[in-house]
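The values are calculated or read from the model by the stated rules, or taken from the named source; none is laboratory data. Note that the coordinates shown come from a computational prediction; the quantities given were computed from them, not determined experimentally. Note: ideal-geometry Cβ built from the backbone for every residue, glycine included; neighbour counts use all protein chains shown. For accessibility, only protein heavy atoms count, side chains too; no ligands or nucleic acids. Shrake-Rupley method; radii C 1.70, N 1.55, O 1.52, S 1.80 Å.
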Amino acid sequence: LVTLEHAIRYPGYSRIPPVKRSPLESERLSVLEGSQLDFFVTYDSPAQSLKAFFEVLSAKPDTAAKGVAARITMNVGEGAQEQAAPAEKVGQRRELKMVRGREDRGRFSLAADESGVLRIQAVGTNGVPGRERVCVIEAVRDSPPRLRITGLEPDTWIVPGEVVSYEFSAEDDLGVSDLVLEWASTGRPGAAPAGLGGEEYINSDQFGQKQV
């Protein structure tokens, strides 16, 4: 195997720019779950057969694939979570469709829905198998946004027309696009009639006010 190149297309909601075709030198690739991976292989001589296999793992790639160097090529966020594969998929091995361009090269694709081990094998025209290339694919699940609000107690008594002030912080490993404030009245004595409520988008400042 002379070169192994890869390209990555991330899920549209992530707004992460795609990774254009470039050499994959590491033996471990960490990507956001749901990404589409394209691989391109080139050998130094014609190959009788070119095959690629993917085996789903249940454990972390660090411990499940012995002998494979662990080096993350991209960080998708500190809050990212690893997804455990369903029991029926653990150890499942499937062959990926290899598209042959010329006798010495090919390409194939993989949807990164689970973590697993990618194996690329080739057999020369003389029947001699080449050295197997192994790469750990780590599919990292996107973490939900984290929202913290201060200045409001679980039970806050107010009078009609009072301005309620609060502070908030919203964090996400990929960024926060919208913040929505939902409110409703309880109809307690001295408060607004029951059933009143609404929702509105708020800006990204860390301080807000609402007149109730």
* With the condition kept exactly as written, say whether any residue in region 115-127 is part of a strand (DSSP E or B), modelled with pLDDT of 90 or more, surrounded by 12 or more Cβ atoms within 10 Å (Cβ to Cβ) and of a type in the set (S, T, Y). => no
* Quickly run through region 149-162 and pick out the residues that are at pLDDT below 80 and of a type in the set (A, V, I, L, M, F, W, C). => L152, W157, I158, V159
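Pull up region 100-114, narrow it to residues that are within 26 Å of the chain's Cα centre (by Cα) and in a strand (DSSP E or B), then point me to the one that is surrounded by the most Cβ atoms within 10 Å (Cβ to Cβ). Walk me through how you get there before you give the answer.
Restricting attention to region 100-114, the residues satisfying the condition of being within 26 Å of the chain's Cα centre (by Cα) are 107-114.
Now restrict to residues that are in a strand (DSSP E or B): 107-112.
Numbers: R107: 19, F108: 20, S109: 15, L110: 19, A111: 12, A112: 23.
Among residues in region 100-114 that are within 26 Å of the chain's Cα centre (by Cα) and in a strand (DSSP E or B), the one surrounded by the most Cβ atoms within 10 Å (Cβ to Cβ) is A112.
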* With the condition kept exactly as written, say whether any residue in region 142-161 is of a type in the set (D, E, K, R), touching a residue at least 40 places away in the same chain (Cβ under 8 Å), under 24 Å from S26 (Cα atoms) and not in a loop (DSSP other than H, G, I, E, B). => no
* Selection within region 128-157 - small (G, A, S) and open to solvent by less than 10 Å² (accessible area, probe 1.4 Å) -> A139, S143
* Asked: Any residue at all in region 184-191 that is modelled with pLDDT under 75 and hydrophobic (A, V, I, L, M, F, W, C)?
  -> yes
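Can you tell me which residue in region 162-185 is surrounded by the most Cβ atoms within 10 Å (Cβ to Cβ), limited to those that are in a strand (DSSP E or B) and among the β-branched types (V, I, T)? It would help to see each step written out before you state the result.
So the first thing to find is which residues in region 162-185 are in a strand (DSSP E or B), and the list is 163-171, 179-184.
Going one step further and asking which of them are among the β-branched types (V, I, T), we end up with 163-164, 180.
Values: V163: 9, V164: 14, V180: 8.
Going through the qualifying residues, I end up with V164.
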* Report those strands (runs of 3 or more DSSP E) wholly inside region 1-41 carrying at least 3 residues which are more than 18 Å from the chain's Cα centre (by Cα) and touching a residue at least 12 places away in the same chain (Cβ under 8 Å). => 3-9, 19-23
* If we scan region 43-54, do we find a residue that is open to solvent by less than 50 Å² (accessible area, probe 1.4 Å), within 22 Å of the chain's Cα centre (by Cα) and in contact (Cβ under 8 Å) with a residue 24 or more places away in the chain? -> yes
